[in-house]
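Below you'll find the structure, written out as C-alpha cells, and then a few comments.
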Amino acid sequence: MATLTYREAIRAALSEEIERDENVVIMGEEVAQFNGAYKVTEGMLEKYGPKRIVDTPISEAGFIGMGIGASMLGIRPVMELMFWSFYSVAFDQIVNNAANVRYMSGGQIACPIVIRGPANGGTNVGATHSHTPENVLAHHPGLKVVVPSNAADAKALMKTAIRDNDPVMFLENTLLYGIAGEVPDGDITLPFGRANIAREGKDLTIVTYGRSVLHSLAAAEKLKADKGLNIEVIDLRTIRPLDVDTVLKSVAKTHRVLIVEEQRPFCSVGSHLAATIQEEAFDELDAPILRVGTIDAPAIYAPPVEKNFQLPNPERVIAGVLKVLA
Amino acid sequence: MSKKTSVPAENAATPPSVAVPSPHAKAPANAALNAEQKIELYRKMVRIRRFEERCLPVYNQGKIGGFLHLYIGQEAVAVGACSLMGKDDHVITVYRDHGHAIAVGMDTRALMAELYGKVTGCSKGKGGSMHYFAPDLNYWGGHGIVGGQIPLGTGLAYAVKYKGLKGAAMAFMGDGAVNQGAVHEAYNLAALWDLPVLFVIENNRYSMGTSQERSSAGQLGKRAEAYDMDWYQCGGHDIYEVRATLDEALQRAREQHKPAVVEIDTYRYRGHSVADPDKTYRDRKEIEDYRNTKDPIQLFQNQLLHEKVLTEALIAEIDAAARAEAERAVEFSEASPFPTADDIQKDVYWETDQPQRTSEGRIFFNSVK
C-alpha cells in the first residue's frame, strides 16, 4: 500500500501500462515536454521517450481522430484532452467514429482508445472550461464512461481502460488531482460496472460519483453527528456500464434516494438513474427521488457563487437529504 | 514544396491522355503490368459499373433504403489506386464507397445484400451503402461525415509507421471535403510527423449540388503547400495516369514517410445521390461531353484494344460476366434474411460480442420493447 495523489495514481497506471504493452502511446497537448498541463504525465517523456509520450498541436479533432484510426490497427492510444470541455471540438470523431465504427462494420473493427482528462467545474474558469459531459458521452452506445472519485480507483480503472478493447472515456477532476489516498501495490485492476459502497447506512441512499462522492461523504458524516442519521453512499465509479444492481439493493434497504452529481439536472446522469429506480423499484420507495446537481445555467465565473451555490457541496447535499426525509 | 508532375505528358500541347495510346502506358507502374493484370483492371471497372447500374432499379423499387451515392464515371480512380496496394497499405474513403469496396476485392453479393439491409451484408445490414468495411482487405470504410474519415486515415498511417512497417494509407475524400477543419488538422499532423498518408481528393467538380467554383477558393491540391507537403494533380479518366501518379506518391510515402495530397480530376455521371434530380446545377451537355470523351472504361478499353490485350470477344465476355455477377448479387440479396430485433444490440461493444463479459453491470438500457 502506498499513499499517492489521484494525479500520481493515474501516472502510475499509465507508466505501468506503457511498460506492459508496447502499443500503448500517451498523446495530447503539452503531455510531453511541458510535463502535462496538470502534471499527470510529469517525467514520462524523460523516462519513456518521444515515441511513447507525444505532444500534439492544439488540434483535438485531428489528433483524437488520428488516435481512433491508429487504434483500429491495434495501437492503444491514451489521448489527453487538457480539459474534457474541449471534447466538443472532437465530437464528430468521438460519436461518429469511435462509438460507431464497430457497429457500422458489423463488428469487424475494434477501437481500443482511451480519451482522458479533467471534467469539472469549481475552478473559476468559466463556461467554456467547466463542462461535465459524462451524460452526453454515455448517451452513445459503443462508448464506455469512467468517473473515478479517488486515487486507488483511478489507478485500477485506468489500467482496465487501457486494456479494454472498446473506446473508454475517462473523466478525471482537477480538484481531485492533489488529493492523496491509499493505493494498493501491484497490478490491480477493477472491472467497469462495479460500484463501491463508500459508506454503509440504512436511512437513505445517496447515489453519486466523481468529486460529488467527497461532498456526499462529508454530508453523511455531519448528518450522523448532528442528527444520528445513517446515510449510505454509493460511488458508481463508471456510468456506462452502470451497476444498477448495487443501487437497487441499497434502495431496497433504505427506501429513500438522493442523487448527487455535478450535472445540470435536465437530461443528466441522475435523470437516467431516477427513471431506472422508479421503473425497477417503485414499490420500494417511500419518498420521491430527489437530485442535487449543478444549478441550471452555464458555469458562472464569480468564484464564491460557483462554489457555494451553483455546484453541489456538502451543505446542499445535507439540504437534499433532509428534504427527501421530510 | 511544390507540385509534382509524376509523368510528363508526351506533348503538352495536346490534352493529356484523352486519345489512345495513353501517354502514361510506359510509366513504371504500368509497364510492369502483364496482360492478365491489365484485363483484371478493366474487369474491375466494368464490374463496378454493372453493379451500380443494377443498384438503381433496385433502389427505385424501394428495396434499398436511405441514400445511394453512385460512383459511375469515377471507376478508374478506385481501381487504379487500390491496384497499387501492398500488404501494409490501407485505404479509407467517404460514403461514395462502392467502387473502392469492389476494387479492394469485396464480394459483390455481400455488398448488394448490405444495400438491402440483409444480415448477409458486409456489415450484417448495420451499415448500409455509406458504410462498407473490410478490415481483412485493409479497407476501413465507408464514412458518412464529409472529411471525418481523414483523421482516421492519418491514424492508420501513424500505426503503420509506429509498427515500423513499409506501408502507407490512402485517405480518399471528395472535393467538398477540403473545406472541413478535420481535413486541415490531419494535413498538419501528417506533415508535422512525416506520416505515410496520401490525401486523395477525387475532384468530381460538385460537392452535392454546389460546384467547386461556388464552394472552394483556389486550387484544391495546392493547399498542400501551406503544410509543406508535395501535391500531385492528375486526370482520373485514364487509369494508367492514376496508377502512374499514385505509384510515385505511394513509394515516397512508404520509403520516406512523406505525406502528399493527390488531386484527381474526375466526374460523376449520376446525381450526388439517387435522390438528387440533378437538374438545377449542371448541364446535361457537360455530362455527355465527359462521357463521350473521357469515360474511363471506354478509354481503357480503347487502350487495351490498341495494345491487343483485349479483343471484342473478351470485352463482351467480361461485360456479360459482370452483368451476371450483379444479377447474382440481387438474387442473393433477395433470398437473404433481414437481421432480427435481437441483432440490434450486437456488434456495439467488442466486450458484449465475446462469450464472457469483461465488465459488470448494465451496459445497454432499454425502454419498454
On the basis of being within 14 Å of another protein chain (Cβ to nearest Cβ), of a type in the set (Val, Ile, Thr) and either under 23 Å from the mean Cα position of the chain (by Cα) or not in a loop (DSSP other than H, G, I, E, B) (or both), does A:Ile26 make the cut?
yes
(1) over 14 Å from the mean Cα position of the chain (by Cα); (2) within 13 Å of another protein chain (Cβ to nearest Cβ): which one isn't true of A:Pro184, the others all being true?
(2)
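Residue by residue, here is whether (1) under 30 Å from B:Gly164 (Cβ atoms); (2) charged (D, E, K, R) holds:
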| position | (1), (2) |
| --- | --- |
| B:Arg254 | yes, yes |
| B:Tyr290 | no, no |
| B:Leu299 | no, no |
| B:Glu307 | no, yes |
Checking B:Arg54 against (1) assigned to a helix (DSSP H, G or I); (2) in contact with a Gly (Cβ under 9 Å, 6 or more places away or on another chain); (3) under 18 Å from B:Val330 (Cα atoms): exactly one of these is not met. Which one?
(2)
Taking the condition of being within 13 Å of chain B (Cβ to nearest Cβ), touching a residue at least 40 places away in the same chain (Cβ under 8 Å) and surrounded by 22 or more Cβ atoms within 10 Å (Cβ to Cβ), how many residues in segment A:77-99 meet it?
5
Only one of A:Glu60, A:Glu42 is within 24 Å of B:Asp194 (Cα to Cα) and acidic (Asp, Glu), namely A:Glu60
Per the list (1) more than 23 Å from B:Val91 (Cβ to Cβ); (2) without any contact (Cβ under 8 Å) to a residue 24 or more places away in the chain; (3) within 14 Å of chain B (Cβ to nearest Cβ), residue check on A:Phe34 breaks on (3)
1 or more residues under 20 Å from A:Lys222 (Cβ atoms): qualifying strands (runs of 3 or more DSSP E) within segment A:236-326
A:257-260, A:290-292
Do you know which residues across segment A:240-270 are within 18 Å of the chain's Cα centre (by Cα), within 12 Å of another protein chain (Cβ to nearest Cβ) and more than 18 Å from A:Arg199 (Cβ to Cβ)?
A:Arg240, A:Pro241, A:Leu242, A:Val244, A:Val269
Meets criteria (crowded, with 24+ Cβ neighbours inside 10 Å, within 14 Å of another protein chain (Cβ to nearest Cβ) and touching a helix residue (DSSP H, G or I) at 6+ places or on another chain (Cβ under 8 Å)) for A:Val233
no
Residue among A:Gly142, A:Gly122, A:Gly126 that is within 13 Å of chain B (Cβ to nearest Cβ), out of contact with any Gly (no Cβ under 8 Å at 6 or more places or on another chain) and not hydrophobic (A, V, I, L, M, F, W, C):
A:Gly142
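Which ones in segment A:170-197 are in a strand (DSSP E or B) and either surrounded by fewer than 24 Cβ atoms within 10 Å (Cβ to Cβ) or in contact with a Lys or Arg (Cβ under 7 Å, 6 or more places away or on another chain) (or both)?
Scanning segment A:170-197 gives A:Phe170, A:Glu172, A:Ala180, A:Gly181, A:Glu182, A:Val183, A:Asn196, A:Ile197.
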Based on this model, can you work out whether B:Leu84 counts as in a loop (DSSP other than H, G, I, E, B) and under 14 Å from the mean Cα position of the chain (by Cα)?
yes
Matching option when the condition is touching an Asp or Glu at 6+ places or on another chain (Cβ under 6 Å), closer than 21 Å to B:Glu75 by Cα, crowded, with 16+ Cβ neighbours inside 10 Å and modelled with pLDDT under 95, among B:Gly236, B:Gly271, B:Gly221
B:Gly271
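Say whether the condition of being within 14 Å of chain A (Cβ to nearest Cβ) and either in contact (Cβ under 8 Å) with a residue 12 or more places away in the chain or crowded, with 20+ Cβ neighbours inside 10 Å (or both) is met by at least one residue in segment B:32-50.
Within segment B:32-50, none of the residues are within 14 Å of chain A (Cβ to nearest Cβ) and either in contact (Cβ under 8 Å) with a residue 12 or more places away in the chain or crowded, with 20+ Cβ neighbours inside 10 Å (or both).
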Within the set of pairs 6+ apart or on separate chains, which have a first residue in segment A:54-76 that is of a type in the set (Lys, Arg), a second that is modelled with pLDDT of 95 or more and assigned to a helix (DSSP H, G or I), and C-beta atoms under 9 Å apart?
A:Arg76/A:Glu17; A:Arg76/A:Ala70; A:Arg76/A:Ile162; A:Arg76/A:Arg163
Conditions (1) under 30 Å from B:Gln356 (Cβ atoms); (2) in a helix (DSSP H, G or I); (3) polar (S, T, N, Q): number failed by A:Ser216
(1)
Please specify each residue of segment B:270-297 satisfying the condition of being over 19 Å from the mean Cα position of the chain (by Cα), assigned to a loop (DSSP other than H, G, I, E, B) and acidic (Asp, Glu).
B:Asp276, B:Asp278, B:Asp283
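Go through B:Ala335, B:Ala316, B:Ala322 for me and flag whichever is among the aliphatic types (A, V, I, L, M), more than 14 Å from every other protein chain (Cβ to nearest Cβ) and touching a residue at least 24 places away in the same chain (Cβ under 8 Å).
Every option except B:Ala322 fails the conditions.
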Which condition from (1) away from every other protein chain (no Cβ under 14 Å); (2) surrounded by fewer than 22 Cβ atoms within 10 Å (Cβ to Cβ) is the one that A:Gly293 breaks?
(2)
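The values are calculated or read from the model by the stated rules, or taken from the named source; none is laboratory data. Please read all numbers here as calculations on a predicted model, not as lab measurements. Heads up, the Cβs are rebuilt from the backbone with ideal geometry, glycines too, and the neighbour counts pull from every protein chain shown.
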